[in-house]
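The values are calculated or read from the model by the stated rules, or taken from the named source; none is laboratory data. In this text the structure is predicted, and so the values were computed from the model without any measurement. Cβ placement follows ideal geometry from the backbone for every residue including glycine, while neighbour counts extend to all protein chains displayed.
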Amino acid sequence: MLKHFSVITLMLMVAANIAMTCDDDIPLHPVYLVNKSGDDIYYIHDSEPFTVREALYKLPNYGIVLHVLHDGEVDESLHTADVSRPGNVLYLMIFNKETWQSHSRAELAEKEYCDTLIRITYQELVAKDYRIEYTGNNVIQNETDKK
């Protein structure tokens, strides 16, 4: 019985290793978020859709991190790992500095308000050379709907 258990355990370990090796074939590339808004921005990103309420109340309990990007800066901490499979999407929720500083989290969550929500696929990121430029004039958008 112990021998069968050891064989099954070994088979499971090999299968897990193969699955992890397949993920290594996914192309990883930094995604460049460029802030050209003229002011600081605060943003949250994920590979799953989320509401303002979910984002603000899950900070940082579920690994959702609020990032600050100053005007003229480029953030390279985003990557394509979560969106490189067909059908996967990168979501960015952006708050302008004035919005973030003049409203409480509770108020933003209650009103489900953010300044910009960007939904972009891996294919769109490749077409844009992995660059997302935020000008401050962006509105809530779905990159695929703009075509």
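Candidates in the range 111-129 are the residues that are exposed (fewer than 13 other Cβ atoms within 10 Å of the Cβ) and among the acidic types (Asp, Glu); of these, the one that is nearest to Ala55 (Cα to Cα) is Glu112.
Counting only strands (runs of 3 or more DSSP E) that fall entirely inside the range 1-87 and contain at least 3 residues that are surrounded by 13 or more Cβ atoms within 10 Å (Cβ to Cβ) and modelled with pLDDT of 85 or more, the qualifying elements are 30-35, 41-46, 67-69.
Checked against (1) at pLDDT 90 or above; (2) under 15 Å from the mean Cα position of the chain (by Cα); (3) farther than 24 Å from Tyr32 by Cβ, Ile94 passes all but a single condition, namely (3).
Number of residues in the range 97-128 that are part of a loop (DSSP other than H, G, I, E, B) and either at pLDDT below 90 or more than 21 Å from Glu76 (Cβ to Cβ) (or both) equals 6.
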